[in-house]
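One structure is given below, encoded as structure tokens.
The values are calculated or read from the model by the stated rules, or taken from the named source; none is laboratory data. From a predicted model like this one, the values you see are computed outputs, not experimental measurements. Cβ coordinates were reconstructed from backbone atoms using ideal geometry, including for glycine residues, and neighbour counts include every protein chain displayed. What goes into the accessible areas is simple: the full protein's heavy atoms, side chains included, and nothing from ligands, DNA or RNA. Shrake-Rupley method; radii C 1.70, N 1.55, O 1.52, S 1.80 Å.
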Amino acid sequence: MNALKILSLSSYGLRYKLKISFYLMSVLPLLICFYLISTYILPSVGIQLNMAVLIAVSVFIAASGFFIIKQIIHPIINISSQAKGIVNGNIDYQIRAQRDDEIGDLENALNHLTLRIKDNMQELKKYSEETKEINLEINRKVMALSGLLQVSSFISSGADIDEILNLSMEKMAQIGDSDLAFLLLQEGEDLSVRSAYGTGAEGLLGKKFKPSDNNLFTKLIREVKSFSLGSNTVKSRLTLEFAQGFGVQNAFIAPITIHNKIAGLAGIGNNSDYAYKDDEFKLIDIFIKQIAIAIENDILMHKVKNLEVRDALTGLYNESFIKTRLDEEIKRAIMYQRPCAFIIFSVDRYKELCQDLSLPEIESVFKRIAVILKENITEIDKAARFSEREFALLLLEKNKKQAQNIADVIKERIEYFFKEESDKHKRLTISVGVAENPIDGVTGSDLINKAMEALIK
């Protein structure tokens, strides 16, 4: 067996085999020379050689050289073919290494390389899945931060409080794998669901929770603390009622505080196995701070409006001031048994007028009306911008007839001012309603309602 192995040259290196092959292939030209010499030169001197022996020796030498070359070339071709397969993605195939020479080493090296590639691809696949999860997490954070910027923009632009709260809930619902975001605000002593977004939101809006009720929300309000619902949360009647009522398995709820006073609660939840993380709790806290700022701004704006007495455009008194002053003057008039009149002027075709005129033109019209009103009243009388399209006069010491005369003069002056307008769509007409205390009522509301009725007629 060892003899056969030695004869097959399988245990020798390529360099040795190539040498043998070279030597064998070099013998052929020598044999040809030997043939010529033995055929044409040696017979002339009386020496004879057997031709069959020469042919046999030549064939054996040529076959041996061909066999050795095949042993070298065929494995290389096979390895090349397998390498192409690996390049095309077939990394599961392994070459059988049955040789002890350099080709066998190459086969073993290619097998090890294939295994390394396979291991590396598995690691890359694992890293790819982890990277995908990280990217999803980053996208969630980016969306949440973008939502914060949008809410901040709404707050700074003075948007309506309901728009801000609804947007906040929409953006909070994007945190984690949330199905629902909700906001409860104090309304008197009750807690009411002011805004909600997500699964089941419509059924929650307006839902109230009283302080006397023993529920999770009133408990959190009393204790002024956050609450996290998850698989590790100790289940109780309160948590089960909340989970069933809001349709969630996991949740996070935190209080909204303004100047150390609880204004409400806000939270998110999901009905899956997703558990909220600490960084998501921090994001919710930031949203809640934004909501607190929006609520406080709304409270301050209402206070400012109550303090203001003048209309910004016309410089006349505003509706709030004239209503308060009307009640005071009626009381004074009743005490001293003196008349007190109230007039309302309403711009006709107001919607059509807004369509036909630009905003600066509309503002110019209102300013001109304000000037005419102030020019036709005394110093003790009061003129006001009563609503978007209405103006009002509070006339002291004047009865209904006197007030009607003043109203007719003002109406005529306003309409005369716009009478020469060539475009009929821009011509302005006014409707008037007049009321007097005590004939038409003994409160401000009575006189306003009576004037409104006269206005419609």
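Some observations on this one:
- Shape call, region 293-443: gyration tensor on alpha carbons, a/c limit 1.5: oblate
- Computed over neighbours whose Cβ is under 13 Å from that of residue 337, the net charge equals +2, Lys and Arg +1, Asp and Glu -1.
- Neighbour net charge for residue 214 - beta-carbon separation under 12 angstrom, K R +1, D E -1: +2
- Shown in residue order for region 223-229 are the 3J(HN,Hα) couplings computed by the Karplus curve 6.51 cos²θ - 1.76 cosθ + 1.60 at θ = phi - 60°: 8, 6, 8, 7, 9, 10, 9 Hz (x for Gly and Pro).
- A 1.4 Å probe run over region 284-327, with the rest of the protein chains in place, finds 58 Å² accessible per residue.
- Shape of region 133-188, Cα gyration tensor, a/c cut at 1.5: oblate
- Site pair residue 397 and residue 152 shows an inter-label distance of 5.9 nm when each label is modelled 7 Å from Cα along Cα→Cβ.
- Debye equation applied to the C-alpha atoms of region 303-378, log10 I(q)/I(0) at 0.12, 0.14, 0.25 Å⁻¹: -0.48, -0.63, -1.23
- Net length available on complete extension from residue 439 to residue 145 is 99.6 nm, with 0.36 nm assigned per residue and the Cα-Cα distance removed.
- Where GluC sites (Glu not before Pro) fall in DSSP loop in region 362-410, at most 14 other Cβ within 10 Å: 379, 388
- Ordering of 289-299, 350-360, 309-319 by packing [mean C-beta count within 10 Å, highest first]: 289-299, 309-319, 350-360
- Across region 190-260, the fraction of Cα-Cα pairs farther apart than 20 Å, rounded to a whole number, is 29%.
- Residue pairs, from the table 323/398; 225/277; 374/400; 367/401, whose Cα atoms sit over 23 Å apart: 367/401
- Percent accessible area from carbon and sulfur atoms, region 207-253, protein chains only, probe 1.4 Å: 54 percent
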